[in-house]
1. Mind listing the label-point distances from residue B:184 to the same position on all other copies, shortest first, one decimal in nm, points 7 Å along Cα→Cβ?
2. Just need the relative contact order of segment B:4-70 here, percent rounded to a whole number, with Cα pairs under 8 Å and 6+ apart.
3. Grab the beta carbon distance between residue B:188 and residue B:55, set R0 = 45 Å, and tell me the FRET efficiency rounded to 0.05.
4. If contacts are Cα pairs under 8 angstrom and at least 6 residues apart, what is the relative contact order of segment B:45-156 in percent?
5. Quick one: angle between helix B:178-188 and the longest Cα principal axis of chain B, in degrees between 0 and 90, rounded to 10, please.
6. Shape of segment A:128-239 from its Cα gyration tensor (a ≥ b ≥ c, root eigenvalues): rounded if a/c is under 1.5, otherwise prolate when a/b > b/c, or oblate?
7. With an 8 Å Cα cut-off and a minimum separation of 6 or more residues, compute the relative contact order for chain A in percent.
8. At residue B:71, with labels set 7 Å past Cα in the Cβ direction, how many nm apart are the copies from this one, shortest first?
């Protein structure tokens, strides 16, 4: 938690109140802060800044001298389409994509997504994981997250309108590496070499039928080498490119 | 587990035996394999290949027609110096760095590393995490891992001899971005633009004293943007560069 984000309703003039237990716990136990200390805070959907701790109670922390003066960092011009992963890794994936600044996240069904994943109670907790990701990445603007339980209708009917620029799909068995792809794009349009849409499979990746369906809509398959990474590692390794522009 | 790695002692002529319970469990429950099926296997420290399941017992699986014919992928020309992280994330970090092909991993003390981390029982399980990483990344060669409990003597006395090429240290407050660094290196030596050594802090990063000590040995501080990532995410986002060459 590198900043504490509060909803607009927690602010009043230049004061604010923290009432979430995880945030109170963080202030007390991780920061070990006390009255008079300055906290990095932000308003969900708004600006970032600081406030001074007025008083600490067991169920709330009062803040004074709230100054929300910095705009959050820009979102990445990027939509990630992710095959719904195992519930156990969903939290960290949503947190990481949020912290990295992905603007749109689409969780989609795939052949290798187990049906039971769609019944996971973790899917009801996405807002919580987004908040964690924003507080990790020091941002205030939540990504848009949508769930697409049917692969084929989504890809055939919606994908083209979402893909404003180019798209890629990560696939270990593609003959083209992501590096080759980027070099090729760079030579034709240096300022827009990165795609605006990335599709990443869950464990086991995409099946050929899915790769073909995505390709028919203009998503080029690229590999990131012979080494197969955990979904989380692959997402961060691929999206790391966007941090390095 | 994208391949099953066995020690040399498990092989005999063209047969082999799986006796590790996690591997037996994987064959039975994840792969749902049966006698006659082909498995991707490898010899720890040796070649990769395939074998056919001869028979499955509760405490062992017999393999026949073992063919170890492919060399493992080359290691990255890279040493990662990582401030010893929370035990909870150590497993995934070791797995990921191993799967990515890092050749040398040095776990080091830092100001923000809690002393208790050095007493964690997880440190006795590094070989197990390495095996998981190799089986994830489809490699047979373990990274060399060393533990350095004293920051200053290590940096002053050993770092220079380890850093065969250039080194960087990830630091959110550096004025130079990793992208700027890479562009600068590319213009002076296109084939060797990546450093051979990367230092990554634990949660909270490095303190100024540590950055200065590393800089005195030639490690340039670089940032990866204003967004602060979890250690795991940062490691994968940074090392993703090596996959894209």
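Values quoted throughout were computed directly from the atomic coordinates according to the rules given, and no laboratory measurement underlies them. Keep in mind that what you see is a predicted model, and the values were worked out from it rather than measured. Glycine also receives a Cβ, built like all others from the backbone with ideal geometry; neighbour counts cover every protein chain displayed.
1. 3.3
2. 35
3. 0.15
4. It comes to 28 percent, rounded to a whole number.
5. The angle comes out near 90 degrees.
6. Because its axes are fairly even, with a/c under 1.5, segment A:128-239 counts as rounded.
7. Values: 445 pairs, mean separation 46.2, N = 245.
RCO, chain A: 19 percent.
8. In nanometres, ordered from closest: 5.2.
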